[in-house]
1. Would you mind working out the accessible area per residue for region 174-269, using a 1.4 Å probe, and quoting it in Å²?
2. Lysines within cross-link reach of Lys70: Cα-Cα under 28 Å, excluding same-chain residues under 8 positions apart?
3. Given a cut-off of under 8 Å on Cα pairs at least six residues apart, what relative contact order in percent is computed for region 120-271?
4. Among the lysines, which fall within straight-line cross-link reach of Lys258, defined as a Cα-Cα distance under 21 Å, with same-chain neighbours fewer than 8 residues apart omitted?
5. Compute the distance in nm between two label points, each set 7 Å from the Cα along the Cα-to-Cβ direction, one at Lys201 and one at Val61.
6. Report in % the part of the accessible area of region 156-199 that belongs to carbon and sulfur, leaving out ligands and nucleic acids; probe 1.4 Å.
7. Once a ≥ b ≥ c are taken as the square roots of the eigenvalues of the Cα gyration tensor of region 66-120, is the result rounded (a/c under 1.5), prolate (a/b larger than b/c) or oblate (a/b not larger than b/c)?
8. I want the local charge near Cys183. Using Cβ-Cβ distances under 12 Å, sum +1 for each Lys or Arg and -1 for each Asp or Glu among the other residues.
Amino acid sequence: MILSDFEWCGQSGSLFGLLPCYIDSSSGITVSDNRAAITFNTSNAAGSNKWNFLSGRYDGVLSGTFQVCKNPCTTRSDSFSAEEIRAVNRWLCRKDGYHKFKVVKDDNEGYAEFYFNAYLNVKEIEYSGNVVGLEITVITNAPYAFFEPKTAIMDLSAASLQYVYIDMSDEVGTLYPVFRITCHTDGDYIIKNGTSGIQSKIAGCRSGEIITMDSEHKILSSSIRDDSLLKSFNFGWLDIMNTQDERRNTYSSNLPCKIEMTYSPIAKIGL
């Protein structure tokens, strides 16, 4: 991995005085693996490593390794103290799930648009008994990156009650955004994605009611209704999709409303 800085859980490595570098493994320098590595259980179809036209999956996820040392411009010591190692490991080594990891490259500002869901493993690089650097391994949860969340505001109060959105995802297929639907009249709403054919039917809506549909996690909530909302829903979770030849998604509603859609398109870039 080639980078000038990195961001983990919203904080940059430079805030910790870390500088990406390359440390030569010669001259008595060793990489110490004296900590328990974090391992995530994953599933895979036994004996299946090929693609076919019916279905397919990537064989693995993106991963990469880089090294950091202390920034000589901001510190007097080349080696890490025990307190500094503890602070860095507290920040980087987390077992509570995947977190946002971002790559910063001076010569490619476009990377600022992308992030990876990842966890990190850290090894110490030692020289003459001192820790002079850290080797950080990034293991993501997907074979690609994601754009920072994109939001579209669909005004479906006009006569046509339609809105066309171009899916910018690099992966052919379907994603499940979060939809925030503001009803402009009382009635039974039918909202449709004409590209995928998905229809979401929600009965008994009230003017001014705000319905939030988290299609990925299958969560539906209302600003004025409680559990009774699910009894009025057909479980048609709205989506966004693209095929090899079509990126347009046409959303429509039988009654006037405003829809705010938020999702992270897939970006096929490497670490």
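1. Values: 4640 Å² over 96 residues.
That works out to 48 Å² per residue.
2. Qualifying lysines at Cα under 28 Å: Lys95, Lys100, Lys102, Lys105, Lys123.
3. On the way: 356 pairs, mean separation 55.4, N = 152.
After rounding, I find 36 percent.
4. Straight-line reach from Lys258, under 21 Å: Lys150, Lys192, Lys201, Lys218.
5. Inter-label distance under the simple model: 3.9 nm.
6. 50
7. Details: a/c = 3.68, a/b = 1.27, b/c = 2.91.
It comes out oblate by the Cα gyration axes.
8. That works out to +1.
The values are calculated or read from the model by the stated rules, or taken from the named source; none is laboratory data. Predicted model only: the values in this text are computed from it and were never measured. Glycine gets a Cβ as well: all are built from the backbone with ideal geometry, and neighbour counts include every protein chain shown. When the accessible area is computed, the model is the full protein with side chains, heavy atoms only, and any ligands, DNA or RNA have been set aside. Shrake-Rupley method; radii C 1.70, N 1.55, O 1.52, S 1.80 Å.
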